[in-house]
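The values are calculated or read from the model by the stated rules, or taken from the named source; none is laboratory data. Small disclaimer: the values here were computed from a predicted structure and weren't measured. Here Cβ is always computed from backbone atoms with ideal geometry, including for glycine, and neighbour counts include all displayed protein chains. Quick note on the areas: whole protein, heavy atoms, side chains included, nothing else; ligands and nucleic acids left out. Shrake-Rupley method; radii C 1.70, N 1.55, O 1.52, S 1.80 Å.
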Amino acid sequence: LPGDWIRPVLSPYKGLSQALQIIGAQVIAERTSPLGFLSVLESPQVPLRHAPGLSIMAATTPPDQIGIFTDGDAMTVITRDSGDPARLAYLDQVTSALPYHLKTPERVLILGAGGGSDVLQARRHAARRIDAVELNPQIAALVRRDFAVFSGNLYDRPEVRLHIAEARGFVEGAAARYDLVQLSMLDAFAASAAGLYALSESYLYTVEALEAYLARLTPGGYLALTRWIKLPPRDTLKLFATAVAALIPRPAPGPDPRLADQHPAGQKRRLQRH
């Protein structure tokens with residue numbers, strides 16, 4: 001068959017298609033595996049700025065970033081770390097910074113590390129040990145090898161331990177306990193908003209999964225889950241109901257004092273255990 005007949009065509013509604021409309025934006029690397037087709041996007045003329053949940057009062061913006069798209073969507077970013085802490089100040093002005101202000105966690109577990117934004121945030125808040133779990137080894141390799149200098153050798157820092165594993169399986173097999181367990185937006189906003197995953201189960205958010213995460217916490221530790229906000233609310237209600245079911249059997253006061261919701265309009269919601 002002619003090549004034009006069988007060449008895959010990217011949907012114009014995917015995030016990568018939209019990003020490529022920016023002047024100067026281009027795909028600089030591609031990787032493929034059973035876990036998906038990765039496209040690495042660089043936008044030198046109009047800088048990429050990916051900081052979900054950033055306060056409208058934020059005084060700083062993210063430094064240079066490189067986007068990684070899985071199957072044209074579900075973007076994660078690699079952020080330039082030049083060694084200047086001031087360039088990463090924006091990480092203290094997003095909603096995911098809340099647990100670090102409620103308690104200073106020494107041991108942090110990041111599930112779905114991706115390009116490393118949550119790992120950078122944990123480093124900025126002086127976590128002494130950070131376990132970063134990433135399912136796709138090709139994403140980890142992009143951060144650790146292909147763009148190691150750009151990322152400041154993030155995944156080779158002495159306090160960071162990278163694990164190539166499925167998040168739920170890692171937690172079930174782990175023996176360590178953490179002051180903070182964090183899951184941040186493991187799907188794309190476009191797919192989430194369109195309800196594409198409504199009939200596709202995610203075993204990262206079941207009652208049993210939340211019970212496993214809670215079991216890995218130190219006394220007084222936090223579980224932080226970040227989801228894209230939807231209007232009318234859908235994910236948040238289901239997540240709260242799941243959290244209540246996971247907390248009720250535990251030998252502690254009822255779930256109400258241990259649940260908190262934070263959601264800047266149009267950004268995201270966060271569940272905290274405390």
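Ignoring ligands, DNA and RNA, what accessible area per residue does region 28-121 give at 1.4 Å, in Å²?
On the way: 3920 Å² over 94 residues.
That works out to 42 Å² for each residue.
Which order do peptides 7-15, 214-222, 133-141, 177-185 fall in by mean Cβ count within 10 Å, highest first? Don't skip to the answer; put the middle values down first.
Values: 7-15: 12.2, 214-222: 16.2, 133-141: 20.9, 177-185: 23.3.
Listed from highest to lowest mean packing, they are 177-185, 133-141, 214-222, 7-15.
Between the alpha-carbon centers of region 17-34 and region 142-182, tell me the distance in whole angstrom.
Region 17-34 and region 142-182 have Cα centres spaced 25 Å from each other.
So, how do all the Cα-to-Cα distances of region 58-195 break down into 5 Å bins, in percent, from 0 on up?
With 5 Å bins starting at 0, P(r) equals 2, 10, 20, 23, 23, 15, 6, 1, 0.
At 1.4 Å probe size, with the rest of the protein present, what percent of the exposed accessible area of region 22-170 is carbon and sulfur atoms?
With neighbouring chains kept in place, the figure for region 22-170 is 53 percent.
How large is ³J(HN,Hα) for each residue in region 74-86, as worked out from phi by the Karplus curve 6.51 cos²θ - 1.76 cosθ + 1.60 (θ = phi - 60°), to whole Hz, x for Gly and Pro?
6, 6, 10, 10, 9, 9, 5, 10, 8, x, 8, x, 5
Round to the nearest 10 and report in Å² the accessible area of R124, as given by a 1.4 Å probe over the protein chains' heavy atoms.
90
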